[in-house]
1. With charges only on Cβ, +1 for K and R and -1 for D and E, what is the dipole size of the chain about its Cα centre, in debye, rounded to 20?
2. Cβ neighbours within 10 Å, averaged per peptide: list 192-205, 581-594 in order, most packed at the top.
3. Kindly express, to the nearest 10 degrees and within the range 0 to 90, the angle between helix 37-46's C-alpha long axis and the longest C-alpha principal axis of the chain.
4. Angle, helix 201-217 long axis vs. longest principal axis of the chain, Cα atoms, 0 to 90°, nearest 10?
5. Pop a pseudo-label 7 angstrom from the Cα along the beta-carbon direction at both residue 600 and residue 487 and give the gap in nm to one decimal.
6. For a test of the definition: using alpha carbon positions, the gyration tensor, and the 1.5 limit on a/c, classify region 666-741 as rounded, prolate or oblate.
7. Using only the alpha carbons, work out the radius of gyration and Dmax of the chain in angstrom.
8. State to the nearest 20 debye the size of the charge dipole of region 381-740 about its Cα centre, where the only charges are +1 on K and R beta carbons and -1 on D and E beta carbons.
Amino acid sequence: MKQKRFNIAGIITLGIILTLCVPHQSEENSPNVILTNQGVNDIRNELGKLPLLDKSFEALVAETDADMANGIHVPIPKDPAGGYTHNRHKQNYITMYGAGIIWQLTGEERYAEFTKNMLLEYAEMYPTLGDHPIKKSYAPGRIFWQQLNDAVWMVYTSQAFDCIKSYLSAEDKKKIEEDLLVPYANFLSVESAFVFNRIHNHAVWACAAVGMAGYAMNNDEFVKRALFGVDTEEHKDKPKGFYAQVDLLFSPDGYYMEGPYYQRYALLPYMLFAQAIDNNNPDYKIFEYREQILKKAVLATLQMTNTDGKFFPFNDALKYMNYKAPELINAVDIVYQAFPESKELLSIAQEQGKVVISQAGLQVARDIAKGEAKPFKWLSMELRDGAEGKQGAVGILRGNPHKDAICVTMKYASQGMGHGHFDRLGMMMYENGNEILSDYGAARYVNVEYKNGGRYLPENTTWAKQTVAHNTVVMDKKTQFNNEIKEAEKTSAERWFFNVENKEIAIMSAKENHAYGTAKAQRTIALIKDSETFTSPLIVDIFRIEDDKKHTFDLPFYYKGQLLYTNTDYERFTSQMETMGSDFGYQHLWKEAKGKPSADISQTVWIHDGRFYTLTSEAAPNDEIFFTRIGANDPDFSLRNEAGFLFRRNHQASTCFVNTIEVHGNKNFETELVEDHVGMVNGVKTLINNKDYTIVEIKTVKTSTIILAIANAKSDPSEEHSTNIAGKQYTWKGPFHLFKN
């Protein structure tokens with residue numbers, strides 16, 4: 001066939017391409033992994049009729065053609081992540097995958113020929129390879145520096161092979177299977193059982209790779225191996241395989257214990273392999289398994305985003321990642337096909353602006369074209385952690401379900417395996433789509449060879465994982481669990497209560513009884529909705545910690561924006577600065593200013609994107625306040641230079657930090673008019689704080705008073721509470737109550 005370029009209009013106008021030159025399916029049910037015979041026929045019939053499908057297919061053709069024009073390059077592996085050979089092999093599987101799909105839909109032979117020739121090149125090279133020369137991984141790969149990337153390669157390559165296997169001669173097909181796919185699948189499974197049988201995202205990818213290769217080659221043994229693991233003496237009678245990964249890595253609410261950044265990444269093998277299972281073994285009812293846990297996992301991932309689509313950076317996370325990532329495009333399409341009643345997913349697909357070229361993507365594009373999309377609602381929710389939901393949780397409070405909503409999160413979950421941070425009871429805040437109180441996330445530049453070969457930087461350990469890098473209390477300037485991950489993995493925080501049913505207040509509370517040695521901590525965060533006083537919900541943050549011995553307690557807040565005002569009497573270090581300490585992350589903090597509160601409250605105001613934010617803190621006479629900036633002891637300029645406040649309380653056995661955060665006013669950058677730049681809170685005071693109750697008082701400039709009562713000993717909603725403070729009796733039912741005067 002004469003080679004030529006085409007577009008959607010050309011395909012429809014010259015219908016001969018889709019009628020006379022379609023692939024000859026020499027094998028029954030080919031393709032059958034993700035793209036299916038029925039899917040191919042349905043997509044052909046719809047091309048030119050559905051804008052989102054057409055746009056996605058045209059983009060796939062353009063990207064694939066651009067790389068095919070460079071020819072076939074299968075270099076001997078030698079580079080780390082970000083290096084030439086790493087990137088070339090990654091691009092190869094992407095291009096083979098695209099070419100296979102385009103061949104199926106158009107019949108243009110050059111795509112099948114390209115994929116065949118590249119697979120044959122790999123089949124020649126693979127038997128000559130040993131472990132990758134970059135030995136920086138506990139599980140080195142063959143084509144890539146770590147087996148994880150090898151598994152990803154196989155996930156995509158198995159789909160490419162599946163698409164063109166009917167085009168191959170018997171001899172070529174045998175060579176590709178026997179010299180490449182079969183030994184590669186064995187390497188990822190029986191030869192690497194210590195990885196394959198782990199309960200970990202690396203093993204999820206490996207299981208999906210081997211299982212999808214099994215379906216592509218009609219190899220039942222590989223599929224069985226992927227579903228149930230490899231039997232070894234070490235892993236005998238232990239849960240393993242894909243079903244075990246589904247059972248143990250997701251909580252009943254769909255939360256993945258490594259956090260949303262890695263949940264996003266791990267979703268792709270989960271969803272692709274589930275789609276392959278459903279295509280080939282629909283009787284397994286994989287999407288109904290464990291009360292539709294895969295659907296819950298996708299919805300939970302979407303809910304763990306700011307309204308601009310970026311994931312909350314719990315644990316190791318790169319903060320730019322959002323739900324437009326390829327993994328979420330696949331996940332949204334696949335889940336929508338399985339659960340087409342979930343019309344809110346269509347609005348996410350619209351924002352993603354792309355669908356997968358499969359029957360799932362076709363259904364999404366078709367239903368969007370029909371106008372069936374419903375707005376996605378961001379909800380207040382608690383997502384439990386642990387396979388049984390008994391390892392704490394993450395809490396999310398939102399002011400409303402819309403994009404301008406104020407949002408505050410708290411992490412009171414498990415450690416998060418190897419990617420976990422020492423951040424128990426840490427909080428983050430978002431508003432109007434912007435990050436306001438931030439978590440650093442991970443110190444890493446993925447695939448940027450300049451920065452440690454794209455791997456995690458040393459500062460990920462010395463800074464990003466340390467407790468002081470998070471908006472939570474640090475005791476005695478030491479990281480939680482004394483920076484010992486094995487100790488942290490033994491326990492989780494404790495859910496105390498979570499309630500979003502009250503129209504006036506949304507509130508969550510959690511306890512941490514292990515991270516601080518013998519000290520016990522509890523944090524309660526509330527959104528108080530009082531439209532008569534506040535234009536946005538008021539955040540109230542109460543962090544209490546108690547012990548028998550005296551300690552120094554630090555509470556940092558890292559904020560986005562420009563500092564405008566503080567009532568603290570401070571000294572600004574303008575010519576020379578020192579660090580906040582020598583270890584546990586303090587060595588990376590510059591001390592820019594130091595002060596003491598000048599009144600019984602400390603107030604700080606900053607501006608970000610035209611909005612004003614006021615942090616009002618209860619102050620004690622001996623408190624110290626530091627203004628800090630990240631970036632000390634950073635010889636390679638790897639850390640972001642972000643600003644923060646740090647409140648220090650010295651020589652206390654027990655204490656309670658009480659803070660409120662207001663969103664108010666506006667600066668119009670076009671007219672330069674400023675409105676309501678002064679907040680409404682003018683008093684914050686702890687009325688009582690003991691093992692039974694914490695009660696705080698918040699006064700406003702409108703002379704109104706808000707009193708929030710928290711039960712510290714009993715969280716039963718039916719429990720009656722009563723206490724007397726300065727002659728006034730406070731009585732309520734349940735673990736919290738809001739009093740207004």
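FYI, it's all coordinate maths here, none of it is from the lab. For clarity, every value in this text was computed on a predicted model and none was experimentally measured. In this analysis, Cβ positions are derived from the backbone assuming ideal geometry, glycine residues included, and neighbour counts consider all displayed protein chains.
1. Working: 80 positive and 94 negative charges, 163 e Å.
So the magnitude is around 780 debye.
2. Working: 192-205: 22.4, 581-594: 19.6.
Ranking the peptides 192-205, 581-594 by packing returns 192-205, 581-594.
3. Around 80 degrees separate the two axes.
4. Taking the Cα atoms of the chain, the angle to 201-217 is about 20 degrees.
5. Rounded to a tenth, the inter-label distance reads 3.8 nm.
6. Numbers: a/c = 3.50, a/b = 2.51, b/c = 1.40.
Prolate is the answer for region 666-741, as a/c is 1.5 or above and a/b outweighs b/c.
7. So, for the chain, Rg and Dmax equal 28.2, 94 Å respectively.
8. Values: 42 positive and 48 negative charges, 104 e Å.
Roughly 500 debye for region 381-740.
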